[in-house]
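I have placed the structure first, in the form of structure tokens, so that the comments after it can refer back to it.
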Amino acid sequence: MSYRTAARPAPAGRPPASFPAALAPLLGIPDLATLTPDQAAGRACVWGGGQLRLDTAVDLGETQHEGMHYFPQSCWPCIAERAYLALAPHSIGCEPCHDHTRWRECPIGGGLHQFRVTALAAARGAC
């Protein structure tokens, strides 16, 4: 006898596949030493500190601190804010980001902008 299982959809709390993982450090993920136990365990947002639900928490990937691995998580509103805060200093010295017709050519500026738009849309759906 064989059993079939339905294909599972991607978890709602994962950053979109189109978001380059290399941009995650630009969001300023806090150091493990500065987090509360709930934040370090992924039960609370690493930036806002609010309690997270499994269906809305955003996995920010693996991070290391003093040889320990941890997996920080966030809520979508904080992701949107952090992407915006990362975009501002980047765009100051980026020629394509200054041109309203070419900003999508920049992998950093375009990626952060798209991630912010995605996060804002997800935040509206989670409230």
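No value in this document is a laboratory result; all are computed from the given coordinates. What you are looking at is a predicted structure, and each value in this text was computed from that prediction instead of being measured. Virtual Cβ from ideal backbone geometry, glycine too; neighbours counted across all protein chains shown.
Results, tabulated for the structure shown:
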| quantity | calculated |
| --- | --- |
| Peptide ranges 41-53, 62-74, 109-121 listed from the most packed, as the mean C-beta count within 10 angstrom indicates | 109-121, 41-53, 62-74 |
| Length released on extending from GLN51 to TYR84, taking residue separation times 0.36 nm less the Cα-Cα span | 9.7 nm |
| Net length gained if the chain between VAL117 and GLN64 were fully extended (0.36 nm per residue, minus Cα distance) | 16.3 nm |
